[in-house]
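Below is one structure, written out as structure tokens; comments come after it.
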Amino acid sequence: MPDVVFSVDQTKSMRDQAVPGHNRWHPDIPEAVRVKPGDTFRMECREWTDGQIGNNDSANDVRDVDLSHAHMLSGPVYVEGAEPGDLLIVDILDLGPIPQQDSGPVAGQGWGYTGVFAKENAGGFLTDYYPDAAKAIWDFSGTEVTSRHLPGVRYTGITHPGLFGTAPSERLLARWNAREQALIDTNPTRVPELGLPPLPENTLAGTATGELATRIGAEGARTVPPRENGGNHDIKNFTRGSRVFYPVYVEGAKFSGGDLHFSQGDGEITFCGAIEMGGYIDFHVDLIKGGMETYGVTTNPIYMPGRSEPRYSEFLTFIGISVEDETDTNLYLDATLAYKRACLNAVEYLKKFGYSGELAYLLLGSAPIEGRISGVVDIPNACASLYLPTAIFDFDIRPSSSGPSYADRGSCALSS
Ligand code: ZN
């Protein structure tokens, strides 16, 4: 096992760790640990809400989740010799739930959860159709999961980190805050909100105290969106064996992350659509000096997926186009709407087998489904497709002349 350079006692909040992590992006969050290019090390991670969600049959905790605490990140890791303009090479060697802890109250202790966020609290991709909070608890068995809330389903997870990235420079942070505020200003009262501006309340700034901590709270960018530094990509293919090249914007790169997922479908459509957990992740780091300019990689990470992922070879694929069915309105090459329609089409199909809309939504968020942008030139309709692996069901999900095998498929956890 590699040296643990960032450790987490899972019985405590991230705020009460010997060296706490952080929940905002800011260049001045003090380094938590120092490593060298060529080093291999382990980081332990809290589940992203810092333990707000329980292993129970009510979604009230998802409904009431306080996003000002999120995401609870481990780090920053200072990489010696890293300078602005370099590319930080990050190899994901291994990751998983909290080791040697198969039961307990914290997600990652043998279990994880998927949540549908309420429309008033950030919502989800289908929030106009499913505005209320919902939750499914998943039990881990080796590489597989099952859920008491989702009978008839068992699948192999595609384990990955939802969120890792480097610290922004002061200038880059200012750009983020300005452009995101400009978007929010176009409709400041929208539900769900268009973006999340800096929020001093519940800011955790690592080991910073006093004036510095106050400034980080006032300026620090929220961790929900992905940005130039990486951040909350929620790319399910960041599996073991992946190599990510992150732009470096500050001395030491200040690499941080967390939000480990046991599994996730493309799009993470319920917002909290992965199977969320705390756990560990092992890295190897190196540098390409001046790599941002050399490779033209200045506003985004690039990466090479690992070769470890579930082997599903048969899919039932749902297609969506950029038409709002309810109003018969065409949107011009809108890939987001097309993917939304593909998801809704899959939900309607799954209802014929006895799943509620919420259960189908939770399943599409968490299972290793493939989402693809299939066509964006065939005016006026964009075309997206969603590939549902047929082998994750213990009954035949394929269409046939004998009709769907309807059964009582239970209920997910709902809010009261
Ligand atoms: Zn997550």
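Looking at the structure I just gave you, is Val77 touching a residue at least 12 places away in the same chain (Cβ under 8 Å) and farther than 30 Å from Glu358 by Cα? First the steps, then the outcome.
Working: touching a residue at least 12 places away in the same chain (Cβ under 8 Å): yes; farther than 30 Å from Glu358 by Cα: yes.
Yes: the conditions hold for Val77.
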* To do: Could you list all residues from the stretch 193-220 that are surrounded by 14 or more Cβ atoms within 10 Å (Cβ to Cβ), in a loop (DSSP other than H, G, I, E, B) and in contact (Cβ under 8 Å) with a residue 60 or more places away in the chain?
  => Glu193, Leu196, Pro198, Leu199, Asn202, Thr203, Leu204, Gly206, Thr207, Ala208, Gly220
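From the set of residues in the stretch 92-130 that are among the small types (Gly, Ala, Ser) and within 30 Å of Val4 (Cβ to Cβ), which is surrounded by the fewest Cβ atoms within 10 Å (Cβ to Cβ)? Before you say what the answer is, go through the steps one by one.
Going through the stretch 92-130, the residues among the small types (Gly, Ala, Ser) turn out to be 96, 103-104, 107-108, 110, 112, 115, 118, 122-124.
Then drop every residue that is not within 30 Å of Val4 (Cβ to Cβ), which leaves 96, 103-104, 107-108, 110, 112, 115.
Values: Gly96: 18, Ser103: 9, Gly104: 14, Ala107: 30, Gly108: 27, Gly110: 18, Gly112: 30, Gly115: 28.
Among residues in the stretch 92-130 that are among the small types (Gly, Ala, Ser) and within 30 Å of Val4 (Cβ to Cβ), the one surrounded by the fewest Cβ atoms within 10 Å (Cβ to Cβ) is Ser103.
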* Asked: Looking at (1) touching a residue at least 40 places away in the same chain (Cβ under 8 Å); (2) part of a loop (DSSP other than H, G, I, E, B); (3) more than 16 Å from the ligand (Cβ to nearest atom), can you tell me which one Arg190 breaks?
  -> (1)
* Structure fact -> Residue hits (the stretch 296-321; among the small types (Gly, Ala, Ser), touching a helix residue (DSSP H, G or I) at 6+ places or on another chain (Cβ under 9 Å) and surrounded by 14 or more Cβ atoms within 10 Å (Cβ to Cβ)) are Gly320
* Given the conditions (1) within 16 Å of the ligand (Cβ to nearest atom); (2) among the basic types (Lys, Arg); (3) part of a loop (DSSP other than H, G, I, E, B), and given that Lys135 satisfies all but one, which numbered condition is not satisfied? -> (3)
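Quick test for you: out of Asn229, Asn187, pick the one residue that is at pLDDT 95 or above, surrounded by 23 or more Cβ atoms within 10 Å (Cβ to Cβ), more than 30 Å from Trp111 (Cβ to Cβ) and assigned by TED's automatic domain parsing to the domain that holds Asn55. Full working, then the answer.
Working: Asn187 fails: surrounded by 23 or more Cβ atoms within 10 Å (Cβ to Cβ).
Just one listed residue meets the conditions, Asn229.
Scan Leu344, Leu359, Leu364 and give me the residue that is part of a helix (DSSP H, G or I), in contact (Cβ under 8 Å) with a residue 60 or more places away in the chain and more than 25 Å from Thr159 (Cα to Cα). Walk me through it before giving the result.
Numbers: Leu359 fails: more than 25 Å from Thr159 (Cα to Cα); Leu364 fails: more than 25 Å from Thr159 (Cα to Cα).
On inspection, the qualifying residue turns out to be Leu344.
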* Looking at this structure, is Leu260 surrounded by fewer than 23 Cβ atoms within 10 Å (Cβ to Cβ) and in contact (Cβ under 8 Å) with a residue 24 or more places away in the chain? -> no
* **Condition check for Pro105: without any contact (Cβ under 8 Å) to a residue 60 or more places away in the chain and more than 13 Å from the ligand (Cβ to nearest atom)** => yes
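For the stretch 151-171, give me each residue that is within 16 Å of the ligand (Cβ to nearest atom) and over 18 Å from the mean Cα position of the chain (by Cα).
Going through the stretch 151-171, the residues within 16 Å of the ligand (Cβ to nearest atom) turn out to be 157-165.
Of everything in the stretch 151-171, nothing turns out to be within 16 Å of the ligand (Cβ to nearest atom) and over 18 Å from the mean Cα position of the chain (by Cα).
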* Quickly run through the stretch 6-24 and pick out the residues that are of a type in the set (Val, Ile, Thr) and either crowded, with 20+ Cβ neighbours inside 10 Å or outside the structural domain of Phe283 (by TED's automatic domain parsing) (or both). => Val8
* List pairs: first in the stretch 221-235 and under 18 Å from Ile29 (Cβ atoms) and within 14 Å of the ligand (Cβ to nearest atom), second acidic (Asp, Glu) and at pLDDT 95 or above, Cβ under 7 Å, 6+ apart or cross-chain? -> Asn232/Asp259
* **Scan of the stretch 285-301 for residues that are touching a residue at least 12 places away in the same chain (Cβ under 8 Å) and either part of a loop (DSSP other than H, G, I, E, B) or outside the structural domain of Gly51 (by TED's automatic domain parsing) (or both), ordered by number** => Lys289, Gly290, Val297, Thr298, Thr299, Asn300, Pro301
* To do: Tell me which residues, restricted to the stretch 56-71, are more than 16 Å from the ligand (Cβ to nearest atom) and surrounded by 20 or more Cβ atoms within 10 Å (Cβ to Cβ).
  => Ala59, Arg63
* Of all residues in the stretch 239-284, which are assigned to a loop (DSSP other than H, G, I, E, B) and within 12 Å of the ligand (Cβ to nearest atom)? -> Phe262, Ser263, Gln264, Glu268, Thr270, Gly278
* So which residues in the stretch 46-81 are in a strand (DSSP E or B) and of a type in the set (Val, Ile, Thr), if there are any at all? -> Val77, Val79
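Search the stretch 322-347 for residues being small (Gly, Ala, Ser) and over 23 Å from Leu359 (Cα atoms), and hand back the single one that is surrounded by the fewest Cβ atoms within 10 Å (Cβ to Cβ).
Restricting attention to the stretch 322-347, the residues satisfying the condition of being small (Gly, Ala, Ser) are 322, 335, 338, 342, 346.
This time we only want the ones that are over 23 Å from Leu359 (Cα atoms), so: 322, 335.
Working: Ser322: 23, Ala335: 17.
Once the filter is applied, the top-ranked residue is Ala335.
For the stretch 87-114, which residues satisfy the criterion of being acidic (Asp, Glu) and touching a Pro at 6+ places or on another chain (Cβ under 9 Å)? Can you show your working first?
So the first thing to find is which residues in the stretch 87-114 are acidic (Asp, Glu), and the list is 91, 94, 102.
Hit for the stretch 87-114 is Asp94, nothing else.
The values are calculated or read from the model by the stated rules, or taken from the named source; none is laboratory data. Computed from a prediction, not measured in an experiment: that's the story for all the values here. Don't worry about glycine lacking a Cβ; one is built from the backbone with ideal geometry, like all the others, and counts go over all protein chains shown.
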